[in-house]
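K.L.:
Just dropping this structure here.
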Amino acid sequence: MIFKRKIYESLLKWKSTANGKWAVLIEGARRIGKSTIAEQFAKEQYKSYLLINFSIAPNEVKEVFRNNLENLDVLFMFLQTYYHVNLQERDSLIIFDEVQAFPRAREAIKFLVADGRYDYLETGSLISIKQNVKDIVIPSEEMTMNMYPLDFEEFCEAMGNTQIIKYIHYCFEKQQPLERGIHNQAMLLFKQYMLTGGMPESVSAFIDSKLSFTQCDTTKRLILNLYLNDIQKIKDSDKGKVAAIFNSIPSSLSRHDREVVFSNIIPGSTYMQFDETFYYLKSSMMCNLCFNVTDPSVALSLNEDRASVKCYLSDTGLLISQAFNEKSELAHEVYKQILFDKLKFNNGMFYENAIAQMLVATGHKLFFYKHYNKELHRNDMEIDFIITDANSLKYKICPIEVKSTTRYQINSLKKFVDKYHERISKAYVIHPANFKIKDGITYIPSYMTICLM
């Protein structure tokens with residue numbers, strides 16, 4: 001099943017403006033649909049295309065690149081002959097799929113773009129890892145597009161419910177609640193999205209099975225195993241730490257503050273011993289990292305404390321399957337309890353992971369805030385997320401608290417607003433209930449996170 005993806009519009013814009021002057025690298029985690037969208041784009045927008053999957057390409061194809069970059073006529077002759085494709089000058093696309101498996105092809109982009117005959121699109125995972133780029137020069141003629149699992153809007157479209165997205169945006173713009181019945185429908189879609197996740201294979205299994213979670217859960221477990229196998233392929237000594245952090249994500253997120261406690265992973269360890277580990281997880285795009293900011297101002301990146309980090313899984317559906325990886329029967333019970341609003345234990349970690357996933361999909365970097373009170377010997381302010389408001393004339397910040405139920409307190413958020421009100425554009429509570437504004441704080445339903453662009 002092929003889904004409509006937003007990145008397609010970005011590729012159209014690239015094709016119409018680049019005029020062959022630079023290539024595109026679609027970068028993202030495994031199994032999010034990079035190869036599918038690349039081939040779909042090629043079929044629909046070019047007279048012909050040539051796809052080279054470097055994860056399975058034979059050595060004779062790789063030798064063509066090694067030996068013929070100074071004679072591109074010969075290079076293209078070999079490729080057209082081997083793949084039985086007739087390339088059309090300025091109307092053909094060459095796709096380097098899984099280009100991380102053969103970094104020399106990525107380096108060749110410089111010469112291929114300069115030649116100007118064809119357009120070039122690369123797809124890859126783990127591209128930024130040092131072991132994949134240490135011996136090549138990254139081409140300046142390459143622009144990167146990040147791709148993520150299906151976001152909530154793409155999921156709704158896959159479910160045949162496009163109109164509800166327009167209505168959600170309309171209500172956000174008008175600052176009004178959705179009609180009650182439509183709100184309930186949107187919340188059901190949000191819970192389905194959270195449980196299924198945005199991995200195309202999982203969504204496809206959910207739809208094909210007439211909305212059964214059984215097959216999509218099996219699919220998600222296969223993807224998790226694929227990720228763990230990828231981690232085992234790391235060539236340096238960090239792979240043990242990467243696996244430890246990855247496997248500990250559910251236990252870290254089950255904590256009240258959601259933070260990674262390094263000493264729980266390796267006794268006596270600190271963030272510095274895991275720096276390369278988080279570099280891998282970020283580059284692989286398997287995880288969304290959220291760092292603490294010591295001074296919550298617009299320049300959030302300049303004030304981040306990397307020793308305090310939350311590590312969210314890039315897909316919430318995967319997180320649910322990972323959290324109950326050894327007890328699939330228990331996972332099915334969790335599906336039922338979340339769907340019927342009966343889950344009490346650790347429900348918040350799944351909601352917060354889903355909101356993190358949605359914020360990243362809308363272009364935000366993730367930051368949180370905490371303030372330690374020396375007199376009380378504890379944190380007296382904890383804000384789940386802080387984002388910048390680019391629509392504000394003065395580029396202010398927006399603190400966000402995430403609540404998974406309709407019964408809660410927001411003492412930390414109120415203290416934060418009182419202390420930093422001059423820096424704040426809007427303060428948000430994201431919760432399962434409908435839209436409202438009360439005491440200067442905007443309460444939005446979970447699905448409305450898509451409007452925080």
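K.L.:
Give the shape of the chain as rounded, prolate or oblate, defined through the alpha-carbon gyration tensor: a ≥ b ≥ c are the square roots of its eigenvalues, a/c under 1.5 means rounded, and otherwise the shape is prolate if a/b is larger than b/c and oblate if not.
P.N.:
Because a/c hits 1.5 or more and a/b exceeds b/c, the chain counts as prolate.
K.L.:
Still on this model: Sticking with the crude label model, points 7 Å out along Cα→Cβ, report the distance from S16 to T405 in nm, one decimal please.
P.N.:
5.0
K.L.:
Based on the mean of other beta carbon atoms within 10 Å per residue, what is the order of 181-191, 143-153, 82-92, most packed first?
P.N.:
In descending order of packing, they fall as 143-153, 181-191, 82-92.
K.L.:
Quick one: go through segment 258-300 and flag any residue whose amide nitrogen is under 18 Å from the point 7 Å out along the Cα-to-Cβ line of Y372.
P.N.:
In segment 258-300, the label zone of Y372 (backbone N under 18 Å from the point 7 Å along Cα→Cβ) covers 258-264, 268-273, 291-296.
K.L.:
Here's something else I'd like to know. Straight-line reach only, C-alpha to C-alpha below 16 angstrom: list the aspartates and glutamates that K235 could link to, leaving out same-chain residues fewer than 8 apart.
P.N.:
Within the straight-line cut-off, K235 pairs with D135, E276.
K.L.:
Turning to a different aspect of this structure: Among K4/K370; K4/K233; K6/K239; K282/K403; K6/K241; K365/K426, which pairs are too far apart, with a Cα-Cα distance over 28 Å?
P.N.:
K4/K370; K4/K233; K6/K239; K6/K241
K.L.:
In addition: Extending each Cα 7 Å along its Cβ direction at A299 and N379, get the distance between those two points in nm, one decimal.
P.N.:
It works out to 2.5 nm between the two label points.
K.L.:
Return the calculated 222 nm mean residue ellipticity for the chain, to the nearest 500 deg cm²/dmol, obtained by summing -39500 (n - 2.57) across DSSP H runs with n ≥ 4 and dividing by the residue count.
P.N.:
Result for the chain, helices only: -13500 deg cm²/dmol.
K.L.:
Also, I was wondering about something else. May I ask for the distance between the Cα centers of segment 347-386 and segment 46-109, given as a whole number of Å?
P.N.:
45
K.L.:
Rounded to a whole number, what % of the accessible area of the chain do carbon and sulfur atoms account for, probe 1.4 Å?
P.N.:
Solvent-exposed carbon and sulfur of the chain make up 50 percent of the total.
K.L.:
If you take every DSSP beta bridge fully contained in the chain, what fraction is antiparallel? Give it as a percent rounded to 5.
P.N.:
Taking every DSSP beta bridge with both residues in the chain, the antiparallel ones total about 40 percent.
K.L.:
So if I take the centroid of the Cα atoms in segment 135-210 and the same for segment 257-292, what is the distance between those two points in Å?
P.N.:
That distance is 28 Å.
K.L.:
A follow-up question, please. Can you tell me which aspartates and glutamates have their Cα less than 15 Å from the Cα of K336? Leave out same-chain residues fewer than eight positions away.
P.N.:
Counting by Cα, and skipping residues close in sequence, K336 has these aspartates and glutamates nearby: D217.
K.L.:
Considering the options L189, Q176, P149, tell which one lies farthest towards the positive end of the dipole of segment 149-198, charges being +1 on Lys and Arg and -1 on Asp and Glu at the Cβ, about the Cα centre.
P.N.:
Q176
K.L.:
Once both labels are modelled 7 Å past Cα along the beta-carbon direction, what's the K336-R306 spacing in nm?
P.N.:
4.6
K.L.:
Of V242, N59, T405, whose Cα points farthest to the positive end of the dipole of the chain (charges on the beta-carbon: +1 Lys, Arg; -1 Asp, Glu; origin at the Cα centre)?
P.N.:
Toward the positive end, the furthest listed residue is T405.
K.L.:
Let me ask something additional. Measure up K15/K174; K220/K438; K21/K166; K396/K438 against 30 Å on the Cα-Cα distance and list the ones that go over.
P.N.:
Too far apart for the 30 Å limit: K15/K174; K220/K438; K21/K166.
K.L.:
Continuing with this model, one more query. With every protein chain kept in place and ligands, DNA and RNA left out, what is the accessible area per residue of the chain? Probe 1.4 Å, answer in Å².
P.N.:
That works out to 46 Å² per residue.
K.L.:
When ranked by the protection proxy of mean other Cβ atoms within 10 Å per residue, highest first, what sequence do the peptides 24-37, 241-254 form?
P.N.:
Per-residue Cβ counts within 10 Å, averaged per peptide and sorted highest first, yield 24-37, 241-254.
K.L.:
So if I place +1 on the C-beta of Lys and Arg and -1 on the C-beta of Asp and Glu, and nothing else carries charge, what would the dipole magnitude of the chain be about its Cα centre? I want it in debye, nearest 20.
P.N.:
1060
K.L.:
Less than 17 Å from a label point 7 Å out along the Cα-to-Cβ axis of R117: which backbone N atoms in segment 75-103 qualify, by residue?
P.N.:
Taking a point 7 Å out along Cα→Cβ of R117, the residues of segment 75-103 whose backbone N falls under 17 Å are 75-96.
K.L.:
In straight Cα distance, which aspartates and glutamates are under 15 Å from K436, not counting same-chain residues fewer than 8 positions off?
P.N.:
Within the straight-line cut-off, K436 pairs with E173, E179, E401.
K.L.:
Test of understanding: what is the full-extension gain from D257 to E422, defined as 0.36 nm times their sequence separation minus their Cα-Cα distance?
P.N.:
56.8 nm
K.L.:
Quick one: which of 170-176, 293-299 comes out on top by average Cβ neighbours within 10 Å, and what's the full order, highest first?
P.N.:
293-299, 170-176
K.L.:
Rounded to the nearest 10 degrees, what's the angle between the helix 180-196 long axis and the longest principal axis of the chain, both from Cα atoms, 0 to 90?
P.N.:
Helix 180-196 and the main axis of the chain meet at about 60 degrees.
The values are calculated or read from the model by the stated rules, or taken from the named source; none is laboratory data. Since the structure is predicted, the reported quantities are computational estimates derived from the model, not experimental observations. Every residue, glycine among them, receives a Cβ derived from its backbone with ideal geometry; neighbour counts consider all protein chains shown. SASA here: full protein model, heavy atoms, side chains in, ligands and nucleic acids out. Shrake-Rupley method; radii C 1.70, N 1.55, O 1.52, S 1.80 Å.
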